[in-house]
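Computed from the coordinates by the stated procedures, all read-outs in this text should not be read as laboratory data. Note that this is a predicted model, so its numbers are computed, not measured. Here the Cβ positions follow ideal geometry from the backbone for every residue, glycine too, while neighbour counts run over all protein chains shown.
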Amino acid sequence: MTITLYELCGRDDRRFSPYCWRTRLALAHKGLDYRTVPVRFTDKETLAFSNQERVPVIRDGDAVVSDSWTIACYLEDAYSDGPSLFGGEAGCAMTRFFNIWVDLELNLKIVPLVAKDIYDHVDDADRRYFVETREKRFGRSLAALHAARGERLPAVRAAFQPARALLETRPFFAGAAPAYADYILLGTLQWLRMVSSYPVLEPGDPILDWRGRMFDRLEAAVRDVPAHDC
């Protein structure tokens, strides 16, 4: 049975959630067939069956699973005959730490840099919702966030340093080949490509070299999507 993935969608069918990208890549890693259902910010009723309001959500037969980390754990257990996302219990624990680090130290710092760019790509029906919720969250207008992003950029670039240090010792975060830890950060970089041409990372950054290796592995799954060149 084909798995159904409910994922965030903006204008021109642009799928830009970093968390939905994690799930897409996890499904591909496991070699699982899936179809996608686009969900906009205000399509709350579309997700009512999951008893919550956020993507990603997967429906796999009778199973309904939400939250990218929970989905990854579900896929690891339900499809244990496929390639492992974590490489065992210890690997799962360390990947969980990496997941938390990316969420708190990278994604939260990146959002203010590209909030206005995200607005430019959301569906027209979602624009009022996006402005109201994001300006309330940050306590500033999108225009003010946009104007100040140059001041925030050095701190964001510095926040990637632990990832750069790890890549000095291995080609992928998971080791010799990519696994879910790599998909966590690649989801963030795919999100950036979907919504912005702003140079969050400088040319020559080892993170971009790693992204190139990931692209070589994943090919059309990550390259052939609507994106900015960055």
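Just the number: Rg to Rh for region 30-152, Cα atoms, Kirkwood Rh, two decimals. Taking Rg over the Kirkwood Rh, I get 1.03. Between the exposed loop cleavage positions of the chain, defined as GluC sites (Glu not before Pro) in a non-H, G, I, E, B DSSP state with at most 14 neighbouring beta-carbon atoms within 10 angstrom, the longest gap is 1-167. Sum up the charges of everything whose Cβ sits under 9 Å from the Cβ of Tyr183, counting Lys and Arg as +1 and Asp and Glu as -1, but leave Tyr183 out. That sum, taken over residues with Cβ under 9 Å, equals +1.
Rounded to the nearest whole angstrom, the semi-axes of the ellipsoid equivalent to the chain, taken from the Cα gyration tensor as √(5λ), stand at 26, 24, 15, largest first. The stretch between Arg213 and Val111 holds 34.2 nm of extra length on full extension. This uses 0.36 nm per residue minus the Cα-Cα distance. Between Glu135 and Thr70, the modelled labels are 3.3 nm apart [label points 7 Å from Cα along Cα→Cβ]. Using a cut-off of 10 Å between beta-carbons, work out the net charge of the residues near Val114 (Lys and Arg +1, Asp and Glu -1, Val114 not included). After counting each charged neighbour, the total is 0. Subtracting the Cα-Cα distance of Asp120 and Asp205 from their residue separation scaled by 0.36 nm leaves 27.9 nm. So which lysines pass the test for Lys109, namely a Cα distance under 23 Å, with those fewer than 8 places away in the same chain ruled out? Leaving aside lysines fewer than 8 places away in the same chain, those within reach of Lys109 are Lys136.
Filter the chain for me: DSSP H helices, axial length by Cα at least 20 angstrom, mean Kyte-Doolittle hydropathy not below 0.0. List them by residue number. Correct list, ordered by number: 180-195.
In the chain, the DSSP-assigned H stretches of four residues or longer account for a calculated mean residue ellipticity at 222 nm of -15500 deg cm²/dmol, using -39500 (n - 2.57) per stretch and the full residue count as denominator. Ranking Ala28, Phe49, Pro18 by how far each Cα lies toward the positive end of the dipole of region 1-79 (charges on Cβ) leaves Pro18 at the top. The charge dipole of the chain, taken about its Cα centre with unit charges on the Cβ of Lys, Arg, Asp and Glu (plus for the first two, minus for the last two), comes to roughly 640 debye.
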